[in-house]
Amino acid sequence: MPDIRDVVIIGSGPAGLTAAIYTARASLRPLVIEGEPSSTSDQPGGQLMLTTEVENYPGFPDGIMGPDLMHAFRAQACRFGAEFITEKATAVDVGERPFTVHVGDDTVLARSVIVATGARSLTLGLESEARLLGYGVSTCATCDGFFHRGFEIAVVGGGDSALEEALFLTKFATKVTLIHRRKELRASRIMQDRAHANPKIEFLWDSVVTDVLGEISVEGIKVRNVATDAEHVLPLHGLFVAIGHLPNTDIFRGILDMDDAGYLQTTGHGSWTNVEGVFACGDVQDHVYRQAITAAGSGCMAAIDAERWLAEQDAHAE
């Protein structure tokens, strides 16, 4: 008989690894499918592997590097017996039990599944942007705004998220330049009114960022006007890219309920999906907070939900 795991966790960011810690301590023998190191969408450790210093995770008064934090999460899960496959889940079948998770040419059988595949920030696609990510380029104002206190920075985007980031960043920066490729914003009127009313926010219309300048940290950006093709350099201390996020849910389409943006839908305050025995946690189902601490908390919730559900299945089988 093939081995049937009590819990298979897909994803290894803060949510997946916290779920692994809790289910391992509950003697559920979790198997974590942590992704591929070469993958940008679901790499082992999640988005924090692309982050330099993390100063807002409780318990680290002097801060901690994002990869170091994720390595500590993983080591703790291993200590309690979690096992890992460093490959990408390519398909799932939850139409019958046990569930089947396909990993390359192999299959894994599971009594329950916790989905923690996270989400990825959309980027401008510039080589310099990727090179300086975490060194002045950021996709999270809440995470990195503090590092730019007393400097001028820019935000790229035109939706509610971009304006929310820009307004938040005015708490730290002396000036925030909002760069948008069109003449009009997509954001709601109330957000536009707030941004226009803030004296620290300036708008750069019909413009796109063509390069991020700096060797070891951001020193400025090169901006091109799409109407005139004229380019100029804007000296900056930081660049925040706020053009959207994509949840890593492609393999669950047509299987698990999602909202219009592709985020998995969970019931109430729990982690239950529309398929009994399948749970979701972290950024794959949270498009509001998107923080390491909230992802870890929801990973704990998913682990407890899975543990209780498995206990009920065992009780019914007796």
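The values are calculated or read from the model by the stated rules, or taken from the named source; none is laboratory data. Note that the structure is a prediction, hence the values are computed from the model and not measured. Note: ideal-geometry Cβ built from the backbone for every residue, glycine included; neighbour counts use all protein chains shown.
Quick notes
- For the stretch 166-193, filtering for residues that are surrounded by 12 or more Cβ atoms within 10 Å (Cβ to Cβ) and either in contact with a strand residue (DSSP E or B) (Cβ under 6 Å, 6 or more places away or on another chain) or β-branched (Val, Ile, Thr) (or both) leaves 11.
- For Gln291: the one exception among (1) buried (at least 17 other Cβ atoms within 10 Å of the Cβ); (2) more than 21 Å from Pro58 (Cα to Cα); (3) at pLDDT below 95: (2)
- Residue list for the stretch 138-149, filter: at pLDDT below 95 and buried (at least 20 other Cβ atoms within 10 Å of the Cβ): Ser138, Thr139, Ala141, Cys143, Asp144, Gly145
- Contact map, the stretch 57-81: first residue loosely packed, with under 15 Cβ neighbours inside 10 Å, second residue in a helix (DSSP H, G or I), Cβ cut-off under 7 Å, separation 6 or more or different chains; pairs are Pro58/Ile293; Gly81/Ala24.
Okay, residues lined up against (1) surrounded by 19 or more Cβ atoms within 10 Å (Cβ to Cβ); (2) out of contact with any Asp or Glu (no Cβ under 8 Å at 6 or more places or on another chain):
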| position | (1), (2) |
| --- | --- |
| Pro199 | no, yes |
| Val226 | no, no |
| Pro235 | no, no |
| Thr249 | yes, yes |
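- From Leu163, Leu239, residue being within 27 Å of His287 (Cα to Cα) and not in a helix (DSSP H, G or I): Leu239
- Exactly one residue among Thr107, Thr142, Thr100 is among the hydroxyl-bearing types (Ser, Thr, Tyr), in the same structural domain as Asn198 (by TED's automatic domain parsing) and either under 23 Å from the mean Cα position of the chain (by Cα) or over 30 Å from Pro199 (Cβ atoms) (or both), and that residue is Thr142.
- When Ser38, Ser12 are checked against the criterion of being at pLDDT below 95 and under 15 Å from Ala303 (Cβ atoms), a single residue qualifies: Ser12.
- Among the residues making up the stretch 270-293, those that are assigned to a loop (DSSP other than H, G, I, E, B), closer than 30 Å to Ser138 by Cβ and not hydroxyl-bearing (Ser, Thr, Tyr) are Cys281, Gln285, Asp286, His287, Val288, Arg290, Gln291.
- Of the residues in the stretch 107-120, none is out of contact with any helix residue (DSSP H, G or I) (no Cβ under 8 Å at 6 or more places or on another chain), over 30 Å from Ile33 (Cα atoms) and at pLDDT 95 or above.
- Criterion applied to Asp160, Asp93 was being touching a helix residue (DSSP H, G or I) at 6+ places or on another chain (Cβ under 9 Å) and of a type in the set (Asp, Glu), and the one residue passing it is Asp160.
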